[in-house]
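Notes to accompany the following structure.
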Amino acid sequence: MDEPLSIVLFSGTDDRLTAASVFAAGAAVLGRPVRILLQYWGLEAFRADRIGKARGLSADADQQAAPLMTAAVASGQVNWVETLRQSKELGELEILACAQSMDVLKLDPADLDPLVDGVEGIAGFLSAAEGGQLIFI
């Protein structure tokens with residue numbers, strides 16, 4: 001199965017970062033190439049000085065969500081950062097910063113964690129996504 005999975009990661013909340021990392025890991029295990037494009041708040045989560053720090057939950061989460069997420073980590077569930085690192089070891093995973101988001105947020109590639117492989121524009125990302133699935137988180 002070499003159909004690519006492309007993920008546009010717009011949100012930077014822990015629950016959505018976790019969801020993106022789980023999709024990436026699942027596809028990588030199946031041998032599918034995975035490309036993640038980081039936009040705006042998703043990109044903010046990958047800043048070298050902020051990666052892995054608590055980012056809160058989406059507005060969709062109810063009051064029980066935070067304790068459930070805390071319990072999952074306490075029981076040994078790997079956090080989203082480590083899931084992405086492991087996914088890179090398991091298969092083909094490329095994490096890219098959106099060029100426009102980099103400009104808007106006034107970021108330089110040196111501001112990003114080494115987990116980010118490079119910077120790409122929307123046209124290049126969509127061109128590479130052709131023929132596969134595209135998920136927006």
Residues whose built amide H sits under 5 Å from the amide H of ILE36, excluding neighbours closer than 5 in sequence, are ILE7, GLU94, ILE95, LEU96
For the range 126-135, Karplus-derived ³J(HN,Hα) couplings (6.51, -1.76, 1.60; θ = phi - 60°; whole Hz; x for glycine and proline) come out as 5, 4, 5, 7, 4, x, x, 9, 10, 10
Counting only DSSP loop positions in the range 79-137, the GluC sites (Glu not before Pro) whose Cβ has at most 13 other Cβ atoms within 10 Å are GLU130
Phi-derived 3J(HN,Hα) across the range 77-88 with the Karplus relation (6.51, -1.76, 1.60, θ = phi - 60°), rounded Hz, x for Gly and Pro, is 5, 6, 6, 4, 5, 5, 4, 5, 4, 5, 5, 5
Heads up, the range 89-136 by the C-alpha gyration tensor (a ≥ b ≥ c square roots of eigenvalues; a/c under 1.5 rounded, else a/b over b/c prolate, else oblate) looks oblate
Expected vector for the range 101-110, Karplus 3J(HN,Hα) from phi with 6.51, -1.76, 1.60 and θ = phi - 60°, integer Hz, x for Gly and Pro, equals 5, 4, 5, 4, 7, 6, 9, 10, x, 5
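Computed from the coordinates by the stated procedures, all read-outs in this text should not be read as laboratory data. The structure presented is a predicted model; accordingly, all values stated were derived computationally and were not measured. Neighbour counts are summed over all protein chains in view; Cβ atoms, including those assigned to glycine, are modelled from backbone coordinates with ideal geometry.
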